[in-house]
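Single-structure report; data block below.
The values are calculated or read from the model by the stated rules, or taken from the named source; none is laboratory data. Here the structure is a predicted model, which is why all the values come from computation and not from measurement. Here Cβ is always computed from backbone atoms with ideal geometry, including for glycine, and neighbour counts include all displayed protein chains.
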Amino acid sequence: MQTIHLQVEDNKLDAVVKMLSNLKDDLVKSFMVVTENSDEKLDDATAKYLKTKQFQEDKAYFQKCLEDIESGKSKCLTQIEYDIEMARFTENLKLNHAN
């Protein structure tokens with residue numbers, strides 16, 4: 001299992017939390033919001049990750065996702081909408097690739 005740490009502007013936190021909350025449990029096992037003023041210290045692995053190119057790439061990816069949601073280019077589905085879409089998708093796979 002991997003851990004991703006995100007830095008999110010205060011005014012965009014609700015959108016990110018909503019997006020993460022709508023993901024299936026098998027995609028995101030858990031998440032926690034930690035403020036900059038938190039007394040919790042970063043572990044060594046987290047501190048090291050924050051200095052990597054991979055972190056910068058991950059940060060840019062999630063920033064783009066958030067911008068797409070806020071602009072309406074992408075849509076955050078509710079759990080019910082997601083379940084319906086996935087049921088349709090899997091049914092189409094079964095029908096189109098039965099052999």
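Yes/no per residue for (1) touching a Ser or Thr at 6+ places or on another chain (Cβ under 8 Å); (2) aromatic (Phe, Trp, Tyr); (3) under 17 Å from residue 16 (Cα atoms):
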position	(1), (2), (3)
56	no, no, no
62	no, yes, yes
68	yes, no, yes
73	no, no, yes
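Sort through 16, 28 and tell me the only one that's part of a helix (DSSP H, G or I) and either surrounded by 13 or more Cβ atoms within 10 Å (Cβ to Cβ) or in contact with a helix residue (DSSP H, G or I) (Cβ under 7 Å, 6 or more places away or on another chain) (or both).
16
Checking the conditions here, which among 87, 45 is among the small types (Gly, Ala, Ser), under 24 Å from residue 2 (Cα atoms) and loosely packed, with under 11 Cβ neighbours inside 10 Å?
Working: 87 fails: under 24 Å from residue 2 (Cα atoms).
Criteria check complete, one pass: 45.
Inside segment 35-76, can you point out the residues that are modelled with pLDDT of 90 or more and not in a helix (DSSP H, G or I)?
52, 72, 73, 74
I'm told residue 43 meets every condition in (1) under 22 Å from residue 21 (Cα atoms); (2) without any contact (Cβ under 8 Å) to a residue 12 or more places away in the chain; (3) among the acidic types (Asp, Glu) except one. Can you identify the failing condition by its number?
(1)
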